[in-house]
1. On a 0 to 90 degree scale, rounded to 10, what angle separates helix 330-345 from the longest Cα axis of the chain?
2. When the chain is fully extended, how far beyond the present Cα-Cα distance does residue 172 get from residue 309, taking 0.36 nm per residue of separation?
3. Can you give me the Rg/Rh ratio for segment 146-291, using Cα atoms for both radii and the Kirkwood formula for Rh?
4. Separation between the residue 258 and residue 208 pseudo-spin-labels, each 7 Å from Cα along Cα→Cβ, expressed in nm?
5. For the chain, take the longest principal axis of its alpha carbons; what is the angle in degrees between that and the long axis of helix 247-257, to the nearest 10 within 0 to 90?
6. Where does segment 181-376 land on Rg/Rh, using Cα atoms and the Kirkwood Rh?
7. Is the C-alpha gyration tensor of segment 105-167 telling us rounded, prolate or oblate? Criteria: a/c under 1.5 is rounded; beyond that, a/b larger than b/c is prolate, otherwise oblate.
8. Could you rank the peptides 358-365, 61-68 by their average count of other C-beta atoms within 10 Å per residue, with the highest value first?
């Protein structure tokens with residue numbers, strides 16, 4: 001091996017997993033390239049997710065982690081993974097890749113993508129998609145547009161050159177996803193200033209269906225979480241490559257968010273006492289997490305607590321309506337009630353993310369509400385068999 005060549009090292013123990021996680025700081029927080037928009041992940045949480053003995057993904061999937069090294073130092077990382085549960089449901093042989101971080105060096109990127117594609121082929125898969133974490137809904141894609149604003153909760157951030165490296169390798173666009181920005185100050189604290197069409201549709205559906213909209217009941221946490229999972233699985237079944245959520249994985253995910261959920265921003269739409277729609281908006285805790293720098297101890301909790309007091313942005317993460325009531329205006333009503341709560345609480349702007357490019361209905365609704373696209377993320381795929 002020549003001194004300048006790239007060596008690929010499998011990650012197989014706790015010590016190398018820590019190197020794997022911490023490598024991201026070399027990309028975004030090095031002295032000569034400090035990226036002020038990057039939000040460091042919580043190191044402890046990411047280590048838990050990547051540990052085959054503890055991470056919930058490994059109950060139904062497998063993964064391989066790799067570090068790239070040159071001249072004795074880490075210069076890149078990547079993970080390949082296979083969700084066997086999703087493959088059985090979708091009747092396909094697909095792998096994913098993610099946790100992709102590297103300097104602007106094609107030799108390193110090529111070595112990383114080579115090893116993850118070779119690993120996936122060796123597991124008998126026929127295509128690979130990414131970058132995602134361990135799910136196509138978890139921090140999907142590399143940033144294509146919107147390098148001038150930090151990411152909100154559950155959205156990623158990446159250098160501008162990642163798309164070029166992946167495309168140069170020969171991967172093809174799989175899909176784009178959008179984040180929208182809505183300036184709440186233009187409504188001057190009153191939902192009556194929302195676009196007239198939204199108001200008309202919301203009032204019409206309330207009158208026509210007798211729908212009742214209520215906020216989340218934190219005292220009934222378990223029952224509410226079960227309703228959310230049911231609504232998501234039923235409402236999202238038409239989406240491309242949607243796989244019904246695993247109950248234990250979903251509960252783990254929701255429990256991680258429990259401390260930052262504001263029940264006043266989570267709404268259920270009910271008709272005759274039965275839930276038919278749901279929306280969830282979350283304070284953008286990323287604003288507070290930046291100062292924690294990946295650690296909650298010893299002072300991270302204090303920084304997080306202080307930052308949470310100053311959050312002025314919320315992120316609408318999910319809006320789901322069951323098929324029977326889709327296209328009947330329930331989504332407009334949920335948007336209306338969400339905006340009413342946000343104005344009452346003094347938020348200055350709303351992020352709406354992420355919406356898939358082919359979800360024409362939701363993209364049109366967001367635009368009608370006044371949302372402007374401010375970020376675009378792209379995921380890729382490559383056949384692994386000729």
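Values quoted throughout were computed directly from the atomic coordinates according to the rules given, and no laboratory measurement underlies them. Everything numeric in this text was worked out from a predicted model, so none of it was measured. Note that we place each Cβ from the backbone using ideal geometry, even for glycine, and neighbour counts take in every protein chain shown.
1. With both axes taken from Cα atoms, the answer is about 90 degrees.
2. Additional length available on full extension: 45.1 nm.
3. Rg/Rh for segment 146-291 comes to 1.01.
4. Each label point is offset 7 Å from its Cα along the Cβ direction, giving 4.0 nm.
5. So the helix axis and the longest Cα principal axis differ by about 80 degrees.
6. 0.96
7. oblate
8. Going from most to least packed, we get 61-68, 358-365.
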